[in-house]
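Novice: This is the structure, below, for whatever I ask next.
The values are calculated or read from the model by the stated rules, or taken from the named source; none is laboratory data. Quantities reported herein were computed from a predicted structural model and do not represent experimental measurements. Neighbour counts are summed over all protein chains in view; Cβ atoms, including those assigned to glycine, are modelled from backbone coordinates with ideal geometry. Note: areas computed on protein heavy atoms with side chains; ligands, DNA, RNA excluded. Shrake-Rupley method; radii C 1.70, N 1.55, O 1.52, S 1.80 Å.
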Amino acid sequence: MAATLKDIADQLGLSVNTVSRALNDKPDVSHVTRTRVLDVARQLGYVPNSLARSLVNGRSNSVGAVIADVANPFYGKIIRGVEETMREAGYSVVLANTNEQDDLEQEAIRTLRSKRVDGLLVSPVQGSYEHLAQLHRDGAPLVLMNRHIDEIQADYVINNNQFGAYQAVKHLVDLGHTHIAHITGPLQVSSVRERIAGYKQALSEAGLPTDPCSIT
């Protein structure tokens, strides 16, 4: 059976309230008492009840990360960066994968909100976006990743997709290629539209026509 605050208190002859305040680093607990409490907590294998703590202070010290496709190595690097940054800040990360499906994204966000995460990082599918707009209207901490939604004035972190595509096409043009195709994805995705813009920009600067049939 997991150790409790009462187990620690009984072993030290302290009140449960004192033990709780020591574990939560409250200023009215002496250094000696705090050290004794922490030592016994480690010995007993005490694990704080994060759910109970969140009910008291209104914070879960966790964030939800909703990822479009965890099988994509690109998103794997994003997850790693998110997890490392959150750990340094004292937060844990609850991960949800949507497989680029709008219904799974909405379900993931409902589930994470029910767990009272302190914020949401979302790589949106960009099908329906009303659920994200509602989050923003509610004042929920929200950051979009890799993609943005013009209709929602939420914070976002993205690559310079247009410039990246521009550089790739310009490199091929500089090598002497004149028939350059662009294999892309669904047009509702912001990163797709930005890459197409970069592709067209590089062709235009090179004086090459844009053939709609070359964008697939």
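Novice: First measure r as the distance between the Cβ atoms of residue 28 and residue 128, then evaluate 1/(1 + (r/R0)^6) with R0 = 41 Å and state the FRET efficiency to the nearest 0.05.
Specialist: 0.20
Novice: Heavy-atom accessible area per residue, the chain, 1.4 Å probe: how many Å²?
Specialist: For the chain, the solvent-accessible area averages 60 Å² per residue.
Novice: How much length would be gained if the chain were fully extended between residue 74 and residue 39, taking 0.36 nm per residue of separation minus their Cα-Cα distance, in nm to one decimal?
Specialist: Contour length minus Cα-Cα distance gives 8.4 nm.
Novice: Would you look at the GNM of the chain, springs on alpha carbons closer than 10 Å, and say which of 169, 32, 63 moves the most?
Specialist: So, out of 169, 32, 63, the one fluctuating most is 32.
Novice: What does a probe at residue 159 reach in region 90-132, counting residues whose amide N is under 18 Å from the point 7 Å along Cα→Cβ?
Specialist: Hits in region 90-132 for residue 159 at 18 Å: 100, 122-126.
Novice: Note down the accessible area of residue 177, probe 1.4 Å, to the nearest 10 Å².
Specialist: Roll a 1.4 Å probe over it and residue 177 shows about 90 Å².
Novice: Contour minus end-to-end for residue 111 and residue 214, with contour as 0.36 nm per residue of separation and end-to-end as the Cα-Cα distance?
Specialist: Using 0.36 nm per residue and subtracting the Cα-Cα distance, I get 32.9 nm.
Novice: Restricting to Cα pairs below 8 Å that are 6+ residues apart, what does the relative contact order work out to for the chain? Please round to a whole percent.
Specialist: Relative contact order here is 13 percent.
Novice: Using alpha-carbon pairs under 8 Å, 6+ residues apart, how would you state the relative contact order of region 73-193 in percent?
Specialist: 16 percent.
Novice: Let me ask another. Anyone know which of 38, 203, 120 comes out most mobile in the 10 Å Cα GNM of the chain?
Specialist: Evaluated over the chain, the most mobile residue of the options is 38.
Novice: Which FRET efficiency value, to the nearest 0.05, do you get for residue 4 and residue 83 by plugging their Cβ-Cβ distance into 1/(1 + (r/R0)^6) with R0 = 35 Å? Provide the component values of the computation, followed by the final result.
Specialist: On the way: r = 30 Å, r/R0 = 0.84.
Computed FRET efficiency for residue 4 and residue 83: 0.75.
Novice: Can you spot the lysines whose alpha carbon is less than 28 Å from residue 115's alpha carbon? Ignore those fewer than 8 places along the same chain.
Specialist: Counting by Cα, and skipping residues close in sequence, residue 115 has these lysines nearby: 6, 26, 77.
Novice: Contour minus end-to-end for residue 205 and residue 137, with contour as 0.36 nm per residue of separation and end-to-end as the Cα-Cα distance?
Specialist: Fully extending the segment from residue 205 to residue 137 adds 20.3 nm.
Novice: With springs only between Cα atoms under 10 Å, which of 153, 126, 101 fluctuates most in a Gaussian network model of the chain?
Specialist: 153
Novice: Please enumerate, by chain and number, the aspartates and glutamates with C-alpha under 14 Å from the C-alpha of residue 200, excluding those fewer than 8 residues away in the same chain.
Specialist: Counting by Cα, and skipping residues close in sequence, residue 200 has these aspartates and glutamates nearby: 211.
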